[in-house]
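Read-outs throughout are calculated quantities, based only on the coordinates presented, and are distinct from any laboratory measurement. Computed from a prediction, not measured in an experiment: that's the story for all the values here. Cβ sites come from the backbone with ideal geometry, for glycine too, and all protein chains shown count toward neighbours.
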Amino acid sequence: MDGFVDQALARRFESFEARTAAELTALRAKEHPGSGAETLERAGATCAWFAPESVLSHVFGFGLDGPTRSPDLDAIEDFYRGKGDRRVQVELSPFARRDALSLLRDRGYGITGFEQLMVLALEQAPAPRPPLPGVVVRTVEPKEHDLWVRVAGEGFFAPDGVPLALAGVFELTHRLPGTTALLAWVGDEPAAAAAVCVQEDIAAFFSAATLERFRGSGAHSALLDARVAIALAAGARWASAGAMPGSQSQHNMERRGFRVAYTRPVMVRAV
């Protein structure tokens, strides 16, 4: 990837994720008023609480916007404690300020995992490959939203079903502003699901999952190419996606031109 991800661009990627988490949380709060879904903004960080143990219930953008002091972290921890959580999770940008790092260290936060931010400079995107015979990608129509949710859930988590961490998330992702949900069909069967959200000049790729019996069919690659085309048509300059280090998702994206921009440690402390 020739496009250099510096501190300013990294802040934009982190802000994008924080904003979409806040938008999803607001959607849940509107549709489920008794859920407790809520967002706290503190010292430039976005603290989302979507549901118990949800993948969205953590701190975004910590330590990126001015100094972070002990009372700020007190308020953040009180926010999650008030929701009944027993821990606070921070996905920390490597560009976070040193005072924020010191504060987390002194409070006893530890690293429990890592997430890669994969980035593609769209002007350098490889030309799309012709889809394999029988593979067609289509935008999801309103009447197909339940089908998209089912394919995404089964593609990720069959046979166990969607875990608590993602409960309720797939049902709302297609409603984010600027989002296009897609299904890849093999013949007359839905084989894979994915989505892309374009805001300003950044396109976030997410929710890509293929049903087990269709893996290797070319459906995943077709969805990647379709999302690159959508992002370019919308005027985006950058595409981004999260991936676990060494995962198949990372491998697939690297084949399409994505590269690791940086790695975020996941910091957790019991409260």
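Just add up the charged neighbours of ASP85: K/R +1, D/E -1, any other residue whose Cβ is under 10 Å from the Cβ of ASP85. Counting the neighbours of ASP85, the net charge comes to +2.
In order along the stretch 256-271, the phi-based Karplus estimate (6.51 cos²θ - 1.76 cosθ + 1.60, θ = phi - 60°) of 3J(HN,Hα) comes to 8, x, 5, 9, 6, 7, 6, 10, 9, x, 9, 9, 9, 9, 6, 10 Hz; Gly and Pro are listed as x. Dipole orientation for the stretch 186-225: of the candidates ALA194, GLY216, PHE206, GLY216 has the Cα lying most toward the positive pole (charges on Cβ; Lys, Arg +1; Asp, Glu -1). With θ taken as phi - 60° and the Karplus curve 6.51 cos²θ - 1.76 cosθ + 1.60 applied, the whole-hertz 3J(HN,Hα) list for the stretch 195-208 is 8, 9, 10, 10, 9, 6, 10, 10, 10, 9, 9, 7, 6, 7 Hz, x standing for glycine and proline.
Which of LYS30, LYS143 has the fewest other C-beta atoms within 10 Å, and how do the rest follow up to the most? Let's see the in-between values first.
Values: LYS30 11, LYS143 7.
If I rank by nearby Cβ atoms, fewest first, I get LYS143, LYS30.
If you take the charge dipole of the chain about its Cα centre, with +1 on Lys and Arg Cβ and -1 on Asp and Glu Cβ, which of VAL268, PRO142, THR20 is farthest toward its positive end? The listed residue farthest towards the positive side: VAL268. For the chain, the mean residue ellipticity at 222 nm estimated from helices alone is -10000 deg cm²/dmol, where every DSSP H run of n ≥ 4 contributes -39500 (n - 2.57) and the total is divided by all residues, rounded to the nearest 500. Helix 7-31 and the longest principal axis of the C-alpha atoms of the chain enclose an angle of approximately 90°. Each of TYR109, TYR262 was scored by other Cβ atoms within 10 Å of its Cβ. Listed from fewest to most, they are TYR262, TYR109. Given +1 at the Cβ of Lys and Arg, -1 at the Cβ of Asp and Glu and no other charges, the dipole of the stretch 149-271 around its Cα centre is 380 debye to the nearest 20. Taking the centroid of alpha carbons for each part, the stretch 83-141 and the stretch 60-82 are 20 Å apart.
Charge dipole of the chain (Cα centre as origin; +1 on each Lys and Arg Cβ, -1 on each Asp and Glu Cβ, all else neutral): 360 debye, rounded to the nearest 20. Any chance you could give the angle, 0 to 90 degrees and rounded to 10, that helix 219-233 forms with the longest Cα principal axis of the chain? Here the helix axis deviates by roughly 70 degrees. Around the Cα centre of the stretch 30-70, unit charges on the Cβ atoms of Lys, Arg, Asp and Glu (plus for the first two, minus for the last two) sum to a dipole of about 140 debye. Computed from phi, the 3J(HN,Hα) profile of the stretch 128-139 under the Karplus parametrisation 6.51, -1.76, 1.60 (θ = phi - 60°) reads x, 8, x, x, 5, x, x, 9, 10, 10, 9, 5 Hz, with x in place of Gly and Pro. Counted by neighbouring Cβ atoms within 10 Å, the residues VAL88, VAL169 run from fewest to most as VAL169, VAL88.
Centre-to-centre separation between the Cα atoms of the stretch 162-238 and those of the stretch 1-42: 18 Å.
Please sort 217-223, 232-238, 53-59 by packing, taking for each peptide the average over its residues of neighbouring beta carbons within 10 angstrom, highest first.
Numbers: 217-223: 24.3, 232-238: 16.0, 53-59: 20.7.
Listed from highest to lowest mean packing, they are 217-223, 53-59, 232-238.
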